[in-house]
Amino acid sequence: MQKSVPSIVVLISGRGSNLSAILAHSQTFGDYRVSAVLSNRPDAAGLDFAQMHGIPTAVVDHKQFSDRDAFDAALAAQIDTFDADLVVLAGFMRILTPGFVSHFEGRLVNIHPSLLPAFPGLNTHQQALDAGVRLHGATVHLVTAQLDHGPILDQAIVQVQPNDTATSLADRLLKLEHRMYPRAIAAFANGRIRVENGIVVGSLEAPLIFEMEKS
């Protein structure tokens, strides 16, 4: 029997920049499918993008709930209706409760704009500039209850230039994120990389994505 293609649900809060790259990879290579796009914001531009491509969407508006636990419970229930193999955070601007993370343990993936464990939290590009690092980057990781923490699936690297601002650094890094995130999702969803005892094993069968690398 032919193995079915892994399915993913993508969570967004805004325009869905990484969503576009994730969908393009799926359409080109077919090694996973986007079964739904969900948002906590009814006005998220990424919802329109998904609908234009025939992908089911749903909104669970966090403003309609009294606390984070109630919102996360409703969000988890909505995600479960799509029976996805992976839940992918793509600019989803909510801190998830331990209960939500536990519910999707081992199949909840995020991208963070720094070379974790350096610079967790917000304003990572300015954090990097303030620290004077020579290299900056982004990390795809499994989500744990600890913020911006968990087994690292893939990383991409940019060189920090003397004239960089937080904006210029973010813009250059985003181009690499669009290459890295889909390939990491595909590798993890299809078992080419996996987590054993908290450590990622296996191979991406691709070189590290570095700013100087030519497409």
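So which trypsin sites (Lys or Arg not before Pro) in the stretch 124-215 are both in a DSSP loop and have at most 13 other Cβ atoms within 10 Å of their Cβ?
Filter output for the stretch 124-215: ARG134, LYS214.
At 222 nm, what value in deg cm²/dmol follows for the chain if DSSP H runs of at least 4 each add -39500 (n - 2.57) and the sum is divided by all its residues, to the nearest 500?
Estimated from H runs of four or more residues: -10500 deg cm²/dmol.
Answer rounded, prolate or oblate for the stretch 41-93, using the Cα gyration tensor with square roots of eigenvalues a ≥ b ≥ c: rounded when a/c is under 1.5, else prolate when a/b is larger than b/c, else oblate.
Oblate is the answer for the stretch 41-93, as a/c is 1.5 or above yet b/c matches or exceeds a/b.
Would you please classify the overall shape of the stretch 110-215 from the alpha carbon gyration tensor, given that a ≥ b ≥ c denote the square roots of the eigenvalues, rounded means a/c under 1.5, and beyond that prolate means a/b larger than b/c while oblate covers the rest?
oblate
Taking the chain as a Gaussian network, where each spring joins two C-alpha atoms under 10 Å apart, which residue of GLU105, GLU177, GLU205 fluctuates the most?
Looking only at GLU105, GLU177, GLU205, the largest GNM fluctuation is found for GLU205.
Cα centroids of the stretch 114-143 and the stretch 2-73: how far apart, whole angstrom?
25 Å
Calculated FRET efficiency, SER168 and ALA206, Cβ-Cβ r, R0 41 Å, to nearest 0.05?
With R0 = 41 Å, the Cβ-Cβ based efficiency is 0.95.
Sort PHE188, PHE100, PHE65 so the one with the fewest other Cβ atoms within 10 Å of its own Cβ comes first.
PHE65, PHE100, PHE188
Could you tell me which label, among [x] 48, 47, 39; [y] 55, 43, 32; [z] 42, 39, 34, carries the value of Cα extents along the principal axes in Å calculated for this structure?
Label [x] holds the value from this structure.
Just SER20, SER203, SER114 to compare: in a GNM of the chain, with alpha carbon springs under 10 Å, which one fluctuates most?
Highest fluctuation among the options: SER203.
Farthest toward the dipole's positive end in the stretch 75-215, which of HIS103, SER168, GLY202, given Cβ charges of +1 (Lys, Arg) and -1 (Asp, Glu) about the Cα centre?
Positive-end residue among those listed: SER168.
Along the charge dipole of the stretch 110-215, Cβ charges K/R +1 and D/E -1, which of SER114, ILE193, ALA156 sits furthest on the positive end?
Towards the positive end, the residue furthest out is ILE193.
Just so you know, all these numbers are worked out from the coordinates, no wet-lab data involved. In this text the structure is predicted, and so the values were computed from the model without any measurement. No Cβ is skipped: glycine too gets one built from the backbone with ideal geometry, and neighbour counts run over all protein chains shown.
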